[in-house]
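One structure below.
The values are calculated or read from the model by the stated rules, or taken from the named source; none is laboratory data. All values reported here derive from a predicted model rather than from experimental measurement. In this analysis, Cβ positions are derived from the backbone assuming ideal geometry, glycine residues included, and neighbour counts consider all displayed protein chains. Quick note on the areas: whole protein, heavy atoms, side chains included, nothing else; ligands and nucleic acids left out. Shrake-Rupley method; radii C 1.70, N 1.55, O 1.52, S 1.80 Å.
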Amino acid sequence: MDVAAEAGAGSGARFTVLGLLAIADRRETAVLQPSKPASLLAALLTRPNAVVPVESLQRAIWGEEIPATAKAALHSCVLRLRRLFAKYGISGSTIEALPGGYRMAVDARTLDLLEFRELLARAGRTADPSAELALLRAALALWQSPVLGNVHSDVLHREEVPRLSEEWLRTVERVYDIELALGRCRDVLSELWPLARSHPSHERFWEQLIEALHRTGRRADALAEYRWVRDHLREELGVEPGPSLQRLELAVLRGESLTPDTPPAGREPGAVRLRAAAEPAREPDGTTVPAPGEAVLAGLVQAGLLAEGPCGHYHVHELLRAFTLAAAGSWARAPGEQDPAPPASCA
């Protein structure tokens with residue numbers, strides 16, 4: 001029997017790092033108080049079954065200013081953890097002292113992080129989107145924010161927690177890619193809305209929210225959400241939305257339908273296919289029938305390109321203004337002819 005299996009045999013003990021650092025058995029869950037041994041345990045568990053160098057463990061406990069007595073103090077922390085483990089029937093050899101560092105021997109039964117990764121691996125091997133989705137949601141159910149909230153280590157929160165959070169983000173993205181591909185747009189809106197708001201700079205969640213809104217016929221809401229995230233990115237980060245988000249806005253403005261392919265198992269999220277939602281009306285001989293002016297105006301307002309104001313005035317969306325200027329610049333002009341003047345504002 002290996003060390004990890006021996007540690008959990010008969011005790012049912014389990015460590016958690018995808019939330020508060022804790023040790024649980026069949027009787028109780030002990031949430032560790034902030035302390036140096038807790039920081040040590042978190043540093044070992046976030047690199048399971050790997051030899052973590054002594055210097056890395058010291059930084060996790062004391063930060064960048066490591067005291068001269070750190071070596072002896074680290075050994076004392078290990079002894080305190082082993083005494084704590086004994087209370088839960090966990091073998092003291094679960095923490096192994098090896099040349100250059102220490103190693104925490106755990107497996108998917110004794111550490112939630114490894115169970116999470118095992119579920120992801122199983123999800124990646126299945127060819128059934130529904131089965132993959134069930135495994136991914138089971139993996140996400142292991143998370144309880146805030147991650148390592150009871151561990152007071154600036155080094156761990158700067159170096160390890162973001163790495164773990166990235167695993168969570170990629171898994172959530174994959175879940176909603178599958179949900180949207182399966183046509184469950186309306187069902188996931190109540191989840192996507194708070195998710196996007198709680199991660200305002202993570203553009204992929206906004207793409208998924210805007211796509212779900214548009215595909216359920218809520219074009220105005222989709223455009224409003226685009227404007228919200230665009231303004232946030234400008235004000236907080238000084239950047240424009242990425243190309244994928246901008247293309248999605250353009251597709252919504254054009255009224256194109258978004259028909260994503262069902263994502264193959266284990267693949268990264270793919271781009272949606274865009275297809276025109278409607279063709280212009282045509283005469284029997286094939287000539288295009290111009291749309292009535294009122295219909296064009298109503299369509300522009302519905303698409304968010306015009307905002308109706310008082311007294312029949314309209315405010316022009318900057319994207320419509322850009323389209324107009326681009327079209328004007330492409331007109332054929334005679335030699336010496338001046339560039340056409342920009343269109344007057346409707347405001």
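For the reader, a short list of remarks on this structure follows.
- Within region 214-262, considering residues that are β-branched (Val, Ile, Thr) and either in contact with a Ser or Thr (Cβ under 9 Å, 6 or more places away or on another chain) or loosely packed, with under 15 Cβ neighbours inside 10 Å (or both), the one nearest to residue 194 (Cα to Cα): 229
Residues are listed down the side, and each one gets a yes or a no for (1) open to solvent by 50 Å² or more (accessible area, probe 1.4 Å); (2) at pLDDT 95 or above; (3) farther than 30 Å from residue 240 by Cα; (4) in a helix (DSSP H, G or I):
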position	(1), (2), (3), (4)
115	yes, yes, yes, yes
121	no, yes, yes, yes
134	yes, yes, yes, yes
145	yes, no, no, no
149	no, yes, yes, no
156	no, yes, yes, yes
167	no, yes, no, yes
195	no, yes, no, yes
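- Any chance residue 27 is out of contact with any Pro (no Cβ under 9 Å at 6 or more places or on another chain), basic (Lys, Arg) and farther than 12 Å from residue 156 by Cβ: yes
- In the set (1) in contact (Cβ under 8 Å) with a residue 60 or more places away in the chain; (2) in contact with a strand residue (DSSP E or B) (Cβ under 9 Å, 6 or more places away or on another chain), residue 38 fails one condition alone, (2).
- Within region 21-52, the set of residues being open to solvent by 50 Å² or more (accessible area, probe 1.4 Å), farther than 18 Å from residue 108 by Cβ, at pLDDT 95 or above and not hydrophobic (A, V, I, L, M, F, W, C) comprises 33, 34, 36.
- Within region 56-72, if we keep just the residues that are more than 32 Å from the chain's Cα centre (by Cα) and outside any loop (DSSP other than H, G, I, E, B), the residue that is surrounded by the fewest Cβ atoms within 10 Å (Cβ to Cβ) turns out to be 72.
- The residue pairs whose first member lies in region 163-181 and is hydroxyl-bearing (Ser, Thr, Tyr), whose second member is modelled with pLDDT under 95, and whose beta carbons are closer than 9 Å, counting only pairs six or more residues apart or on different chains, are 176/269.
- Here residue 141 clears all of (1) open to solvent by 10 Å² or more (accessible area, probe 1.4 Å); (2) at positive phi except the condition numbered (2).
- Selection of first residues in region 125-138 that are of a type in the set (Ser, Thr, Tyr) and of second residues that are at pLDDT 95 or above and crowded, with 16+ Cβ neighbours inside 10 Å, restricted to Cβ pairs under 6 Å at least 6 apart or on distinct chains, gives the following pairs, ordered by first then second residue: 126/132.
- When residue 105 is tested against (1) surrounded by fewer than 19 Cβ atoms within 10 Å (Cβ to Cβ); (2) closer than 23 Å to residue 21 by Cβ, just one condition goes unmet, and that condition is (1).
- Residue in region 141-152 that is over 24 Å from residue 61 (Cβ atoms) and either free of Cβ contacts under 8 Å to residues at least 60 places away in the same chain or touching a His at 6+ places or on another chain (Cβ under 7 Å) (or both) present: yes
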